[in-house]
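Read the structure below first, then the notes.
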Amino acid sequence: MEKNDIATRIREVLIAVVGHDRFEMRDDLTAPDVEGWDSLTHMSIITGIESAFNVRFKLREINKLRNMGTLIELVQSKLSA
Amino acid sequence: MLFLSQEFLLFFLTVFVLYWSVFKNSMNGQDSLLMVSSIIFYGWTDTRFLILIGISGTLNYGLAVLIEQNESDRLRSAWLWTGVILNILILGYFKYFGFFYESLACSLEGMGLPLEKRYFKIALPIGISFFTFQMIGYLIDVNNGSSVACRKPIKFFTYVLYFPKILAGPIERAQNFLPSIERVRTYEQEMISDGMRQFLWGAFAKTVIADGLSPLVDGIHTDPGAAPASTLWLGACLYLIQLYADFSGYSNMAIGTSKMLGIPLSINFRSPLFALNVSDFWRRWHVSLTSWMMDYLFTPLAFMLRQYGRPGASLAIMVTFLAVGVWHGANWTFIVFGLIQGLLFLPLVASGKVNVTRPGTGLVYGARQIAAGAFTFILMAASFVWMRADSIAVGSSYWKGMVGPGLWTNPSINLFNMLVPLLFFLLLEWLGRGQDHMLTKVGSLRTTILRWSIYAVILVQIALYSNTQGATFIYFAF
């Protein structure tokens, strides 16, 4: 799957969880940049992404995420595995 | 050494002058001064505890290096768990051992198996919960790669012991704190002035509001069974304000002191009195602890339980808030407090509405926000009764009284003397919400006379109302 398609689907998950679209998808986007993306909603976002792409993450992989770019790369690597 | 004492004033003045004169161009000099002054500051309370922090700090310093230099995930995990368990054992011994022994003795006695009753009086090192959690978080961050292991002992021990935060936080993350001492701090007048403003607001909250409300609240909690419901409800609301003023006052003084040394610390409160629901409250209250609990306990738990959907998330929330309760102290009342907070969260988790940042406009929306804010405040005030109650019996009696007779009678609390400062405090809290601290906006006022008039009003109130100088901070007991 193309990087842009992954980003679009992740964006949809994010909007569904945080309840707004007031953020711009870019590689250096981090949780504090998105209003409502905090520790409590983080897990809903992760499970939402897992369902959207039908993949399973490991906790270590989640802990190593630094920004949207690394999240998209992780999904891409899971899909091509 | 309390922030509002003559010793601290002298101590800080000395550090401040040396820091910005003799050592102003030397990072090593600034670091060494901070470490030595932090040792003096903590040792002032009890020199024995310095040895404990020294041992704990050395252990964590070494473990972080071991975690970082090992390539094998299994070995890294082994060192991480060794560190986590050792830190918990140290905390457990000093904070919870006596409580567990007494609880066990009582349970066995109930089963006809008397255990020799000994009452352990283990001195509680001030700040132990704060620095232990800081160390555990540091080891986890090094293991995850979100922080590097600090290999410079002076910098590391400055991070552990740094005097503005050692007694009651904020619980600092290494990746936030260490970069700010990886450079020479330069004298920036704006940051120092802002630190002074933040300290002033903290001093006002502590001496005028928290210490002013303390006798009123203490009076009700001594014998809650004798008070009508109206008094108990008002008392509960006042206690929440008192606790907030006390701890946010401490935090503002700590952060303000640190700013005067050119080192920013994490925010600890985001106007929690104006929260719109329970989850919003915990996003704003004692942020450095709740974010710690969320990142290092809730997230791994919720991740493990994610296949169970909302029931799994609910269980993770319950365990997390139980831990928040127990973190506060070794007493059944804190366990009840944690359970109540967890239970208050469950409807939000079940409905999927933990996020409250839904924007809106108009009168109806505004009225709903006010109603939600008032309801949340009253709900949290009622639940925080358990934070203040000395025992289960007192807490139960308090809650029974709240639903008992006398709800519409005149509360037997004389608030007259506190009315003006309380309204002033709440007004500035409201105007300053969403800011770094409540006097941020005041500092940016262009009219000098207006700015200084506000400072003068605060100073006059401190002079007029603070009559319990030397009162300790509630959170030092945690």
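The values are calculated or read from the model by the stated rules, or taken from the named source; none is laboratory data. Quick caveat, the model's predicted, so the values are computed rather than measured. Note that we place each Cβ from the backbone using ideal geometry, even for glycine, and neighbour counts take in every protein chain shown.
Checking A:Leu29 against (1) within 14 Å of chain B (Cβ to nearest Cβ); (2) in a loop (DSSP other than H, G, I, E, B), which single condition isn't satisfied?
(1)
For the range B:367-380, does any single residue satisfy the condition of being away from chain A (no Cβ under 14 Å), over 30 Å from B:Ile462 (Cβ atoms), free of Cβ contacts under 8 Å to residues at least 60 places away in the same chain and buried (at least 19 other Cβ atoms within 10 Å of the Cβ)?
No, the conditions are met nowhere in the range B:367-380.
Going through B:Tyr159, B:Tyr187, B:Tyr239 one at a time, which residue ends up being touching a Cys at 6+ places or on another chain (Cβ under 7 Å) and not β-branched (Val, Ile, Thr)?
Values: B:Tyr187 fails: touching a Cys at 6+ places or on another chain (Cβ under 7 Å); B:Tyr239 fails: touching a Cys at 6+ places or on another chain (Cβ under 7 Å).
The match here is B:Tyr159.
Given the residues B:Ser103, B:Ser146, which is the only one that is part of a helix (DSSP H, G or I), modelled with pLDDT under 85 and over 18 Å from the mean Cα position of the chain (by Cα)? Can you show your working first?
Details: B:Ser146 fails: part of a helix (DSSP H, G or I).
Answer to the check: B:Ser103.
Return only the number of the condition from (1) part of a helix (DSSP H, G or I); (2) touching a residue at least 60 places away in the same chain (Cβ under 8 Å) that B:Val184 does not satisfy.
Failed condition: (1).
Can you tell me which residues in the range B:333-366 are crowded, with 20+ Cβ neighbours inside 10 Å and either at pLDDT below 90 or in contact with a strand residue (DSSP E or B) (Cβ under 9 Å, 6 or more places away or on another chain) (or both)?
B:Phe345, B:Val349, B:Val354, B:Asn355
Given the residues B:Ser32, B:Ser56, which is the only one that is hydroxyl-bearing (Ser, Thr, Tyr), assigned to a helix (DSSP H, G or I) and under 30 Å from B:Tyr296 (Cβ atoms)?
On inspection, the qualifying residue turns out to be B:Ser56.
Could you check B:Val364 against (1) of a type in the set (A, V, I, L, M); (2) within 14 Å of another protein chain (Cβ to nearest Cβ); (3) without any contact (Cβ under 8 Å) to a residue 40 or more places away in the chain and say which number it fails?
The single condition B:Val364 does not satisfy is (2).
Among (1) in contact with a Ser or Thr (Cβ under 8 Å, 6 or more places away or on another chain); (2) farther than 30 Å from B:Phe377 by Cβ; (3) of a type in the set (Lys, Arg), where does B:Arg183 come up short?
Of everything listed in (1) in contact with a Ser or Thr (Cβ under 8 Å, 6 or more places away or on another chain); (2) farther than 30 Å from B:Phe377 by Cβ; (3) of a type in the set (Lys, Arg), B:Arg183 misses just condition (1).
Which ones in the range A:52-81 are part of a helix (DSSP H, G or I), more than 10 Å from chain B (Cβ to nearest Cβ) and under 19 Å from B:Gly309 (Cβ atoms)? Reasoning before the result, please.
So in the range A:52-81, the residues part of a helix (DSSP H, G or I) come out as A:52-53, A:59-63, A:68-80.
Still in the running and more than 10 Å from chain B (Cβ to nearest Cβ): A:52-53, A:61, A:68-80.
Result: A:Ala52, A:Phe53.
Among the helices (runs of 4 or more DSSP H) confined wholly to the range B:217-322, which include 2 or more residues that are surrounded by fewer than 20 Cβ atoms within 10 Å (Cβ to Cβ) and more than 11 Å from every other protein chain (Cβ to nearest Cβ)?
Passing ranges, in order: B:229-259.
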